[in-house]
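The values are calculated or read from the model by the stated rules, or taken from the named source; none is laboratory data. Everything quoted here is computed from the prediction, not taken from an experiment. Neighbour counts run over all protein chains shown; Cβ positions are idealised from the backbone, glycine included. Note: areas computed on protein heavy atoms with side chains; ligands, DNA, RNA excluded. Shrake-Rupley method; radii C 1.70, N 1.55, O 1.52, S 1.80 Å.
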Amino acid sequence: MSEEEQGVTLPVEWHVPEGLQSRYANHLLVQPGQNEIILFFFETQIPPFGGPTEANREYLLKQGSVRFECVGKMIVAPQIVPEIIQALQTGLNSYTTGKMNEERERPGYE
């Protein structure tokens, strides 16, 4: 038997450390590298404000820009990008199906 035929298959134990921080990301920037794909995750940093709508609008326009804070960066091999896309699509499909089921269970839905 060759070395390839003697491979060992072990189960995967997924571990998420207790101290791992979760951050909200509402923007994504994808940057191709020479041998990798870099994913930057950003959270919009809207300054706090209060008051009438027109005053809020003027305040935001005076700011001149909105800050997007990088909250995470992942570097992945290009070969696994299709798997990432498939996993994201599966998650999105499950989320959408769950939302549709919630809507059907609301009173007044016909």
Measuring from its Cα centre, the chain shows a charge dipole (+1 at each Lys and Arg Cβ, -1 at each Asp and Glu Cβ) which, in debye to the nearest 20, is 720 debye
Scattering profile of the range 1-52 from the Debye formula, Cα beads only, expressed as log10 I(q)/I(0) at q = 0.20, 0.24 Å⁻¹, is -0.96, -1.01
Distance in Å, no decimals, from the C-alpha centre of the range 26-63 to the one of the range 66-110 is 20 Å
For the range 1-66, the charge dipole (Cβ of Lys, Arg +1; Cβ of Asp, Glu -1; about the Cα centre) points to a positive end, and the Cα of A25, L10, P48 closest to that extreme belongs to P48
With all protein chains present, the chain has a carbon and sulfur share of its accessible area (1.4 Å probe) in percent of 55 percent
Checking rank on 66-72, 51-57, with mean other Cβ inside 10 Å and highest first, the result is 66-72, 51-57
The answer for the chain, accessible area per residue at 1.4 Å probe in Å², is 93 Å²
